[in-house]
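The values are calculated or read from the model by the stated rules, or taken from the named source; none is laboratory data. From a predicted model like this one, the values you see are computed outputs, not experimental measurements. Don't worry about glycine lacking a Cβ; one is built from the backbone with ideal geometry, like all the others, and counts go over all protein chains shown. When the accessible area is computed, the model is the full protein with side chains, heavy atoms only, and any ligands, DNA or RNA have been set aside. Shrake-Rupley method; radii C 1.70, N 1.55, O 1.52, S 1.80 Å.
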Amino acid sequence: MTMTYPPAKMQAVLLTGHGDFDKLAYRTDITVPVPGPRDVLVRVGAAGVNNTDLNTRIGWYSKGDNDAVDASWGGEALEFPRIQGADIAGEIIAVGTGIDPARVGERVLVEPCLRELHGQTLDNFAYIGSECDGGFADFVVVPGSHAFRLESGLSDVELASFPCSYSTAENLLTRTDVKAGERVLVTGASGGVGSAAIQLARARGAEVIAVTSPAKADHLMALGTAQIIDRNTPPSEVLGANAVDVVVDLVGGPTWPDLLETLRPGGRYGVSGAIGGHTVPLDLRTLYLKDLKFFGCTKLEDGVFAKLVRLIESGAIRPLVAATFPLREIVAAQKAFSAKSHTGKIVLEVAGTA
């Protein structure tokens, strides 16, 4: 193993179990992890806050009531304590066997959806901060194949606004095959994934219609949104039926059937969130008579993250940082995130905040 300097302990936030904010323990005496074969050790500069952090903490992913035994992205019980944090920007300071020592010193963004872990290729996938420790710490071990070198003048805080939200958004657009000239309806448009989807769809040459609160309309129009629909108004009342080619849905909830009404025959629906409600009514006649295509989007398609890095380096997309907090103020950051009054990302500054 090659290391530029040998820290012994680090600051980190430990998730000690499913529950309220009291399950988040800020510590400064956590042993720095050691990279194994095919791993790199990243000094974390900044880490973004996501819905998945809150959902994992409260056990939202569990479909049962047996002590949240399936409350992880992988559908199994979480191991505690766990260091969360899927959005990681930082620098490689050490490498394990099988990794070129020349990678030490690289500035990297970490792909949060892992196809390998602990030196082993996975049959399915793992998610950083859920199936393994993440970036709410000074240092994190990640597979070298998921640490993407990039050249950018953006700060670590700005870069940490990209990985989870933008890769999720790009994956939604990839899976639904959004093309130039198509109309795309985005729900939950002011959040991290929603605002990313607007930028990325515009970069593809698509027309974007955003569903959000009126208070956030100006922010989204500045990103290139063509039209705003109040989130309390069913989109079909504004657009009519058969009006859009693709729906990117991050909300779900009781008004969900109306989204299908807005889709044209042969339209595509992609979903990666359900903050408005995860159980929705579906009239199967709408699905088959309109020849709709449904896509559940979690595991990233091959090449999605590499494309995202190229877009960042080219300046085709820009960061949207709503607020920053030092790592030790994780509870305040999550409370601000839960308030949903922001547009873009809330990011934790890690480097130099112990």
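Can you tell me the order of 336-345, 284-293 when each peptide is scored by its average per-residue count of other Cβ atoms within 10 angstrom, highest first? Don't skip to the end; give the middle numbers.
Values: 336-345: 17.7, 284-293: 12.2.
Order by mean packing, descending: 336-345, 284-293.
For the chain, find the longest principal axis of its Cα atoms and tell me its angle to the long axis of helix 330-339, 0 to 90°, nearest 10.
0 degrees
Show me 255-267, 122-134, 199-211 ranked by packing, highest mean number of other Cβ atoms within 10 Å first.
Values: 255-267: 18.3, 122-134: 20.0, 199-211: 22.0.
Top to bottom by mean Cβ count within 10 Å: 199-211, 122-134, 255-267.
How large is the charge dipole for region 197-240, taken about the Cα centre, if only the Cβ atoms of Lys, Arg (+1) and Asp, Glu (-1) carry charge, to the nearest 20 debye? List each step's numbers first, then the result.
Numbers: 4 positive and 4 negative charges, 37 e Å.
Using only the charged Cβ atoms, the result is roughly 180 debye.
For region 210-354, with only Lys/Arg (+1) and Asp/Glu (-1) charged at the beta-carbon, what is the dipole magnitude about the Cα centre, in debye rounded to 20?
Values: 15 positive and 14 negative charges, 53 e Å.
Charge dipole of region 210-354: 260 debye, to the nearest 20.
To the nearest 10 degrees, how steeply does helix 304-314 sit against the main Cα axis of the chain, on a 0 to 90 scale?
80 degrees
Roughly how many Å² is the accessible area per residue of region 210-354, as a whole number, for a 1.4 Å probe? List each step's numbers first, then the result.
Values: 6870 Å² over 145 residues.
Here the residues of region 210-354 average 47 Å² of exposed surface.
Using a simple spin-label model with points 7 Å from Cα along the Cα→Cβ vector, what separation in nm is obtained for LEU282 and ASN242?
Output for this residue pair reads 2.3 nm.
What number, rounded to the nearest 500 deg cm²/dmol, is the helix-based mean residue ellipticity at 222 nm of the chain, given -39500 (n - 2.57) per DSSP H run of at least four residues and division by all its residues? Display every interim value, and only then the final one.
Values: 10 runs with 82 residues, N = 354.
Mean residue ellipticity, 222 nm, calculated: -6500 deg cm²/dmol.
Straight-line reach only, C-alpha to C-alpha below 22 angstrom: list the lysines that LYS290 could link to, leaving out same-chain residues fewer than 8 apart.
Qualifying lysines at Cα under 22 Å: LYS179.
Quick one: dipole size for the chain, taken about the Cα centre, charges +1 on Lys/Arg Cβ and -1 on Asp/Glu Cβ, in debye to the nearest 20. Spell out each step's value before the answer.
Working: 32 positive and 41 negative charges, 105 e Å.
The calculated dipole for the chain is roughly 500 debye.
Pairs LYS216/LYS293; LYS23/LYS345; LYS216/LYS340: which exceed 20 Å Cα-Cα? Please report the intermediate quantities before stating the final value.
Values: LYS216/LYS293 30 Å; LYS23/LYS345 23 Å; LYS216/LYS340 11 Å.
Distance filter (> 20 Å) returns LYS216/LYS293; LYS23/LYS345.
Can you give the Kirkwood hydrodynamic radius for region 161-290, in Å, rounded to one decimal and based on Cα pairs? Provide the component values of the computation, followed by the final result.
Working: mean 1/r = 0.0699 Å⁻¹.
The answer is 14.3 Å.
Once you order the gyration tensor axes a ≥ b ≥ c over the Cα atoms, which shape class does region 212-354 get: rounded for a/c under 1.5, otherwise prolate or oblate by comparing a/b with b/c?
Values: a/c = 1.94, a/b = 1.69, b/c = 1.15.
Verdict is prolate for region 212-354.
Could you tell me which of VAL271, SER314, LEU282 has its Cα farthest along the dipole of region 228-333 towards the positive end, charges placed at Cβ (Lys, Arg +1; Asp, Glu -1), taken about the Cα centre?
Projecting each Cα onto the dipole axis, the largest value belongs to SER314.
With log10 I(q)/I(0) by the Debye sum over Cα atoms at q = 0.08, 0.09, 0.13, 0.14 Å⁻¹ defined as stated, name the option among (i) -0.48, -0.57, -1.00, -1.12; (ii) -0.38, -0.48, -0.99, -1.14; (iii) -0.40, -0.50, -1.08, -1.25 computed from the structure displayed.
Answer by label: (ii).
Considering only protein heavy atoms and a probe of 1.4 Å, how much of the accessible area of the chain is carbon and sulfur, as a whole percent? Before the final figure, lay out each step's value.
On the way: 7340 of 14500 Å².
Ligands and nucleic acids excluded, carbon and sulfur reach 51 percent.
Rank-order 161-168, 274-281, 144-151 by packing density, defined as the average count of other C-beta atoms within 10 Å over each peptide's residues, highest first.
161-168, 144-151, 274-281
Tell me the net charge near LEU287. Cut-off is 15 Å between Cβ atoms, LEU287 excluded, with +1 for each Lys or Arg and -1 for each Asp or Glu. Spell out each step's value before the answer.
Details: positive: ARG264, ARG268, ARG285, LYS290, LYS293; negative: ASP249, ASP258, GLU261, ASP283, ASP291.
Here the charged neighbours net out to 0.
For the Cα atoms of the chain, what angle does the longest principal axis make with the long axis of helix 163-175, in degrees from 0 to 90, nearest 10?
Compared with the principal axis, the helix lies near 40 degrees.
For ILE30, what accessible area in Å² do you get when you roll a 1.4 Å probe over the heavy atoms of the protein chains, rounding to the nearest 10?
About 30 Å², rounded to the nearest 10.
When DSSP assigns beta bridges and you keep just the ones with both residues in the chain, what percent turn out antiparallel, to the nearest 5? Could you put the intermediate results ahead of the total?
Numbers: 37 of 64 bridges.
Bridges in the chain that DSSP calls antiparallel: roughly 60 percent.
By how many nm would the segment from ASP20 to THR121 grow when fully extended, if each residue of separation counts as 0.36 nm and the alpha-carbon distance is taken off? Present the calculation step by step, with values, prior to reporting the outcome.
Values: separation 101, 0.36 × 101 = 36.36 nm, distance 3.41 nm.
Taking ASP20 through THR121 to full extension adds about 33.0 nm, to one decimal.
Using only Cα positions of region 263-321, each an equal point scatterer, no hydration layer, compute I(q)/I(0) via Debye at q = 0.12, 0.14, 0.19, 0.22 Å⁻¹ and quote the log10 values to two decimals.
Those come out to -0.51, -0.66, -0.90, -0.98, one per q.
Averaging over every viewing direction, what projected area does the convex hull of the Cα atoms of region 9-61 cover, in nm²?
Result: 4.8 nm².
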